[in-house]
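Novice: Can you keep this structure in mind? I'll have questions shortly.
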Amino acid sequence: MGNTDPSLSSADPAVPELGPLFDPDSVAVVGASPDSFYSGNLVDNLLDYGFDGTLYPVNPGRDEVWGRECYDDVDDVPETVDLAVVSVPREYVVDVVAAAGERGVPTALVLTAGFSEADEEGRDLEARLAETAADTGIRVVGPNCIGVMSARGATLTSTCSREPEPGRIGLVSQSGALAFTTFFERAADRDLHFSHIVSTGNEADLTLTDYVAYLAERDTVDVICTYVEGIDEPERFMRVAERATREGTPVLTVKIGQSDLAEAATLSHTGSLTGSDDAWRAAFDQTGIQRVPDIPDLLSRANAHTAYDPVDGDRVCIASTSGGLASLLADMAAERDLALPDLDGETERALLDIDELLTYGGFNNPADIRGYGAEVLPEIADAVLADDAFDAYVFAIGLPGVDERAETVAADLEGIVEGADDPVYVLWTGRKEPDDPTVTPPYARLRESVPVYEDPGRCLDAVASTTRYVADCDRVAAWPSRRELADALDAPDVDLPRDRVLTWEEAEPLLDAFDVPVAETRVATDPEEAVAAAEAVGYPVVLKVDSPALPHRTDAGAVELGLDSPEAVREAYRDVREAALARVDEAEVAGVLVQPMVDDGVEAILGVAPGDVFDSVVTVGPGGVLVEALDESATLVPPFSRGDARRAVEGTALADLLTDRRGGDALSVDAVADLLVNVGDLAASVDAVAELDLNPVVVTEEGPVAVDVLVRTRD
């Protein structure tokens, strides 16, 4: 039996060398023409936005363009360039890229569309392009790519309305239009700038994961933003993102669309619990990726990661010129799990001594400094910034940002932010439109040097993003990496029949191999064998039909509980067989299972459900009748650590059911986490298993034990 995913190997993901793409010394533009929107605008932008390398136009229909000699093909160019930009009809793309690759050109940027996004012929051409890249060693961006940009290197796109300014945000987008017309433009309007922007196109060769791996190792990149529609190698992506998190580069993502988790109906309760997006959510959480809802949120949070050093914790002090805004921010902070320690002792006395605040009584956190506080912001800052009880600060200004008073407020805030040892966030919610639209208002000038947030929610989202990243980084770094987890897998030699539900005797060796505890189970083929089995395991007992053709035997009435005598067992044996035979043929009944009753504990559900992008996912939550009643579970992408497993259990009501038992001692959450790890190892190691349903697992003082098992294999 092999791994479910070939990428579950001991090797860490390779980092491609993309320097020739982002900062080329020489570029050949094949199909260069001032009359072409794509190649023409790309060359204009390349030259206008500071490219100081050598440009070679290639177009057999022209002698000269942009004041430069025009060459007939790549082979005619007098040197082997760093980058070939390809903007020719699709039927010529493969030949052009092949010629460049054979010449030794390291990278090709293919702007041409009409490939897999278009039709069958385009899909065939894209497959040939991928083969060409592999055969010649050239790395290909695209096809169907709007372009890339490096603010400290080259701007290679037809869609960029202004010269990029150097920033410290790397952006990788599977939507080209959004990358440059939305992300770039909206950020520039707010004085927020990128180090790199990549439009990935169809990803015939280089993928979103490759760009993330490259950017995570750049000193000029503080945070990586991704716009994700789908990922073909999810395990590699998880490892790359995990490595970035561990090494100090946050990864933020907008993930659109439903999960690629298989939509086919599943037999197990576990499969029905796994929602359309649960697998992606799990993958992001396990690797420290922060998922954000939309583009403005992505930019506002990225801004914080570039502007501030990592915070020491989640303790926040808020000072607001508006009492109402202070109350709103208090609620928002609680929703984001930000702590608001009290203002007391020396800090409160220092604030009370500021006469301009006209305060009677004391100060809370958030502190209502009223409008008067805007006159003495430096004094307020001196008081609160000296308090070691806080890790970050928010100054919320509910005043106009465009008048003369705003000039002083902006200057004071700039000095406060720049002089503080801890992050100081500026939230400015007042008027933003000046009377004279030709004049840059004070709040906008302040934004040129420090982040200025206009929306309370986005401001606190940014604060929470920085605190969460530190916690995620510590968590991910403390637990085994995905490579280490994969290396530790030890797949046992268990031969499983394919493409069906297994009988108990077929499933038992698999469960034993992964230390999945199951209630003592015996198979009977007649009433007297059932009685003997019941006496061996001890009354009271359960009888249930063992039939791969009847996976949901309870629904068929093929289960009898609480049997406490030989007579009851004989009668139940006949009853469960008759119930089964009313639905399936006798040849499909392997026997009747006899188990002791296990009912003194908390019921859980654990299992494996099939996936598509993620080959399988593992689910845990309250079990038995509580599956539908609570409709609450957690999902993990195997393999995962014990820390991930415990975190998953604690994220559901199951943890409370285990630890807060009326009339009983607390049961072990760790024991359930250990079993969950074993199930995860099974899912990651045994590619034959499509579904595994352990429902219920009864958690007792002796530990968890599965009392009902369903295993379905792949074809």
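The values are calculated or read from the model by the stated rules, or taken from the named source; none is laboratory data. These numbers come from a predicted model, not from an experiment. Quick reminder, even Gly has a Cβ in these numbers, built from the backbone with ideal geometry, and neighbours come from all protein chains shown. What goes into the accessible areas is simple: the full protein's heavy atoms, side chains included, and nothing from ligands, DNA or RNA. Shrake-Rupley method; radii C 1.70, N 1.55, O 1.52, S 1.80 Å.
Novice: Could you tell me which label, among (i) 1.07; (ii) 0.95; (iii) 0.99, carries the value of Rg/Rh (Cα atoms, Kirkwood Rh) calculated for this structure?
Specialist: (i)
Novice: Can you give the FRET efficiency for Ala334 and Ala389, using 1/(1 + (r/R0)^6), R0 = 22 Å, r = Cβ-Cβ distance, to the nearest 0.05?
Specialist: Efficiency computed from Cβ-Cβ geometry: 0.80.
Novice: Could you tell me the relative contact order of region 340-391? Use alpha-carbon pairs under 8 Å, at least six residues apart, and round to a whole percent.
Specialist: RCO, region 340-391: 44 percent.
Novice: Using modelled amide H (1.01 Å from N, peptide plane; none on Pro or chain starts), what sits under 5 Å from the amide H of Gly591, excluding residues fewer than 5 places away?
Specialist: Counting only residues 5 or more places away or on other chains, the set is Asp546.
Novice: To the nearest 10 square angstrom, how much accessible area does Thr306 have with a 1.4 angstrom probe?
Specialist: Rounded to the nearest 10, the figure is 40 Å².
Novice: Given a 1.4 angstrom probe, what's the average accessible area per residue across the chain, in square angstrom?
Specialist: Roughly 40 Å² per residue, with all protein chains present.
Novice: Another question, then. Classify region 439-487 from the C-alpha gyration tensor, please: rounded if a/c falls under 1.5, else prolate or oblate depending on whether a/b exceeds b/c.
Specialist: Prolate is the answer for region 439-487, as a/c is 1.5 or above and a/b outweighs b/c.
Novice: Separate question: By the gyration tensor of its Cα atoms, with a ≥ b ≥ c the square roots of the eigenvalues, what is the shape of region 511-575: rounded for a/c under 1.5, prolate for a/b over b/c, or oblate? Show your work: numbers first, answer last.
Specialist: Details: a/c = 1.90, a/b = 1.21, b/c = 1.58.
Since a/c reaches 1.5 but b/c is at least a/b, the shape of region 511-575 is classed as oblate.
Novice: Related question: What accessible area, in Å² to the nearest ten, does a 1.4 Å probe give for Tyr308?
Specialist: It works out to around 30 Å².
Novice: Which value at 222 nm does the chain reach when only helices count, each DSSP H run of 4 or more adding -39,500 (n - 2.57), with the total divided by all residues and rounded to the nearest 500 deg cm²/dmol? List each step's numbers first, then the result.
Specialist: Numbers: 24 runs with 258 residues, N = 715.
After summing the helix terms and dividing by residue count, I get -11000 deg cm²/dmol.
Novice: His193: accessible area at probe 1.4 Å, nearest 10 Å²?
Specialist: Per-residue accessible area (His193): approximately 40 Å².
Novice: Report, by chain and number, residues whose modeled amide H sits under 5 Å from the one on Ala367, excluding near sequence neighbours (fewer than 5 apart, same chain).
Specialist: Amide H neighbours of Ala367, under 5 Å, 5+ apart: Ile318, Ala319, Ser320.
Novice: So, one more: What does the charge add up to near Ser195, with Lys and Arg as +1, Asp and Glu as -1, over the other residues with Cβ less than 14 Å from its Cβ?
Specialist: Values: positive: Arg152, Arg168, Arg218; negative: Asp23, Glu165, Glu217, Asp219, Asp222.
So the surrounding residues net to -2.
Novice: Given the alpha-carbon gyration tensor of region 303-428, what are the semi-axes of its equivalent ellipsoid in whole angstrom, ordered largest first, with each equal to the square root of 5 times an eigenvalue? Can you show the working numbers first?
Specialist: Numbers: eigenvalues 76, 65, 43 Å².
Semi-axes, largest first: 20, 18, 15 Å.
Novice: Of all accessible surface on the chain at a 1.4 Å probe, what whole percent is carbon and sulfur? Kindly include the intermediate steps, with their values, before the conclusion.
Specialist: Working: 12170 of 28850 Å².
Roughly 42 percent, rounded to a whole number.
Novice: Let me have the relative contact order for region 636-713, percent, based on Cα pairs under 8 Å that are six or more residues apart.
Specialist: That works out to 27 percent.
Novice: For a test of the definition: using alpha carbon positions, the gyration tensor, and the 1.5 limit on a/c, classify region 352-417 as rounded, prolate or oblate.
Specialist: It is oblate, given that a/c is not under 1.5 and a/b is not larger than b/c.
Novice: Taking the Cβ of Thr54 as the center, what net charge do the other residues with Cβ under 12 Å away carry, scoring Lys and Arg +1 and Asp and Glu -1?
Specialist: Numbers: positive: Arg68; negative: Asp25, Asp52, Glu69, Glu79, Asp82.
Result for the neighbourhood of Thr54: -4.
Novice: Using all alpha carbons of region 389-519, what is the percent of pairwise distances in each 10 Å bin, ordered from the shortest bin to the longest?
Specialist: Once binned at 10 Å, the Cα pair distances of region 389-519 give 10, 25, 17, 11, 10, 11, 11, 6, 0.
Novice: For the chain, which span is the longest to avoid every loop-located (per DSSP) member of GluC sites (Glu not before Pro) having at most 15 other Cβ atoms inside 10 Å?
Specialist: Maximal segment without exposed cleavage sites: 264-447.
Novice: Continuing with the same structure: Can you list residues whose amide H is under 5 Å from Val29's amide H, if they're 5+ apart or on another chain and H is modeled 1.01 Å from N?
Specialist: Tyr56, Val58, Val85
Novice: From the backbone phi of region 284-297, what are the Karplus-calculated ³J(HN,Hα) couplings (6.51 cos²θ - 1.76 cosθ + 1.60, θ = phi - 60°) in whole Hz, Gly and Pro given as x?
Specialist: Coupling constants for region 284-297: 5, 5, 5, 10, x, 6, 9, 9, 10, x, 7, 5, x, 5 Hz.
Novice: List, in order, the whole-Hz ³J(HN,Hα) value for each residue of region 340-347 obtained from phi through the Karplus relation with A = 6.51, B = -1.76, C = 1.60 and θ = phi - 60°; use x for Gly and Pro.
Specialist: Taking θ as phi minus 60°, the curve returns 10, x, 5, 8, 8, x, 5, 5 Hz for region 340-347.
Novice: Can you give the longest run of the chain that contains no trypsin sites (Lys or Arg not before Pro) sitting in a DSSP loop with at most 12 other Cβ atoms inside 10 Å? Please report the intermediate quantities before stating the final value.
Specialist: On the way: sites that count: Arg162, Arg498, Arg662.
Looking at the chain, 163-497 is the longest stretch - no exposed trypsin sites (Lys or Arg not before Pro) with at most 12 other Cβ atoms within 10 Å.
Novice: Ordered by residue, what ³J(HN,Hα) values in Hz, to whole numbers, does region 437-445 give under the Karplus form 6.51 cos²θ - 1.76 cosθ + 1.60, where θ = phi - 60° and Gly and Pro are x?
Specialist: Karplus values, whole Hz, x for Gly and Pro: x, 7, 9, 6, x, x, 4, 6, 5.
Novice: Also: Report the charge-dipole magnitude of the chain in Debye, nearest 20, computed about the Cα centre from +1 at each Lys and Arg Cβ and -1 at each Asp and Glu Cβ.
Specialist: Computed charge dipole of the chain: roughly 680 debye.
Novice: A further question on this structure: Rounded to the nearest 5, what is the percent of antiparallel bridges among the DSSP beta bridges in the chain?
Specialist: If we restrict to bridges inside the chain, about 50 percent are antiparallel.
Novice: Kindly sort Val110, Val417 by accessible area of their heavy atoms, largest first, with the probe set to 1.4 Å.
Specialist: Val417, Val110
Novice: Apply 1/(1 + (r/R0)^6) to the Cβ-Cβ distance of Ala177 and Glu588, taking R0 = 45 Å, and write down the FRET efficiency to the nearest 0.05.
Specialist: Calculated value: 0.20.
Novice: Provide the convex hull volume over Cα atoms per residue for region 36-129, in Å³.
Specialist: Taking the convex hull of the Cα positions in region 36-129, it is 104 Å³ per residue.
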